[in-house]
Amino acid sequence: SKATVSVLNWVVVLVHMAPQADTILTPAACIDSAGIRAVAYDAGVFLSYQVAPWFVKAAVYPLERTRLLMQTRHTNRSVDGVPLRSVGETVRHMRREGRLFSAGWKGFTPTVVRWGPAQYGHLFLKDYLSGVAPQYSKQREYRRWFATKVATGAATGLLVAGCWAYPFDVLRQQLATKNSGTWRASVADIYGRFGISGFYRGFAMAAPGMAVFRGVQLGGWDVVKEAYPRAEWERKSFLNRAFHAQAISITGSFCAYPCDTIRRSLMACGSQTSYGDVIRTGIQGAGGVRRFFYAGFTARIISSFVNGALLEGFDAWKRTRGDA
């Protein structure tokens, strides 16, 4: 798409720029000063829509850590004897660990490395896959059209997670839920106990969850946008469109959350623990299926509004280029 080409050109400009150079070469041709200004403008608009979610992600990260502790409390030995039944109890537990500021952001370093490339990878890859996927008419072949949208989102989630995001998420959970010290110590601990496969522990359960979440979030976002006439959709305010995006993201989270809880609980256990063991222990410890599968979901809803802003922010940038 034009949006992807613009960003790639911007990267090429940064890589090939030299202080003494009068022109800048790209694989296609020389970019004149007007071209440089156009690329810089595209980059500036893109960043203006995308930098804000980074700050929001940093601000809500303590809620992310709260969710991780609540999800793994029945299999995580580092919180034995601590109920962690609510967000308030979990926050008080983090305060007992030390200063709330430092305790709330435990595990944030892997998130900094993982989150940005993963989110933008999802958005650009989804657009690319949508372009190469079979094209169906929404009016005449609605089921195939709908299934293609969802499948494209699901494939995007699996590719990005498998190639980049998942190992950093494993490291983030290790830091956020265990007293394992620095990220270097956590890497050594995971590798020492499980080898390289430790960074993909729980992936068998995570894969269907991620496929459902990204299929609903990314594919569903395209379905919702195309449910409105183009002019009517563009007349809606940014907040209105972001609200639609957030509703889709929460729906995806609700559908995929049980898989996420199971795989995170497994990641908190020893090497001999099976998925069946995790489910039985979790349900017994939580006092019910719903309480186990949806532990920490309230914190997830509160902290996830950045997803809606990111989806709409990316589309707003594409609209400035006439590419959405």
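The values are calculated or read from the model by the stated rules, or taken from the named source; none is laboratory data. Everything numeric here is computed off the predicted structure, so don't read it as measured data. So basically every Cβ, Gly included, is an ideal-geometry build from the backbone, and we count neighbours across all protein chains shown. For accessibility, only protein heavy atoms count, side chains too; no ligands or nucleic acids. Shrake-Rupley method; radii C 1.70, N 1.55, O 1.52, S 1.80 Å.
Considering (1) open to solvent by 10 Å² or more (accessible area, probe 1.4 Å); (2) touching a Lys or Arg at 6+ places or on another chain (Cβ under 9 Å); (3) of a type outside the set (S, T, N, Q); (4) at positive phi, the lone condition that Gly181 does not fulfil carries the number (2). Checking each residue in segment 282-311 for being more than 30 Å from Phe243 (Cα to Cα) and out of contact with any helix residue (DSSP H, G or I) (no Cβ under 8 Å at 6 or more places or on another chain) picks out Gln284, Gly287, Gly288. In segment 117-142, of all residues being assigned to a helix (DSSP H, G or I) and polar (S, T, N, Q), the one that is surrounded by the most Cβ atoms within 10 Å (Cβ to Cβ) corresponds to Gln119.
The conditions of being under 23 Å from Gly252 (Cα atoms) and among the polar types (S, T, N, Q) are not met by Ser274.
On the given criteria, is Arg99 farther than 28 Å from Ala309 by Cβ and at pLDDT below 85? Yes, satisfied.
Please return the ranges of helices (runs of 4 or more DSSP H) entirely within segment 185-276 where 2 or more residues are open to solvent by less than 30 Å² (accessible area, probe 1.4 Å) and of a type outside the set (Lys, Arg).
203-214, 220-227, 238-267
Every residue, every condition in (1) touching a Pro at 6+ places or on another chain (Cβ under 9 Å); (2) touching a residue at least 40 places away in the same chain (Cβ under 8 Å), yes or no:
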site	(1), (2)
Met267	no, yes
Ile279	no, no
Asn307	yes, yes
Gly322	no, yes
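Given the conditions (1) open to solvent by 50 Å² or more (accessible area, probe 1.4 Å); (2) farther than 20 Å from Trp115 by Cα; (3) in a helix (DSSP H, G or I); (4) not charged (D, E, K, R), and given that Ile302 satisfies all but one, which numbered condition is not satisfied? Evaluating Ile302 over (1) open to solvent by 50 Å² or more (accessible area, probe 1.4 Å); (2) farther than 20 Å from Trp115 by Cα; (3) in a helix (DSSP H, G or I); (4) not charged (D, E, K, R) leaves (2) as the failure. Taking segment 151-164 as the range and being buried (at least 21 other Cβ atoms within 10 Å of the Cβ) and either more than 22 Å from the chain's Cα centre (by Cα) or not polar (S, T, N, Q) (or both) as the test, the residues that pass are Gly153, Ala154, Gly157, Val160, Ala161.
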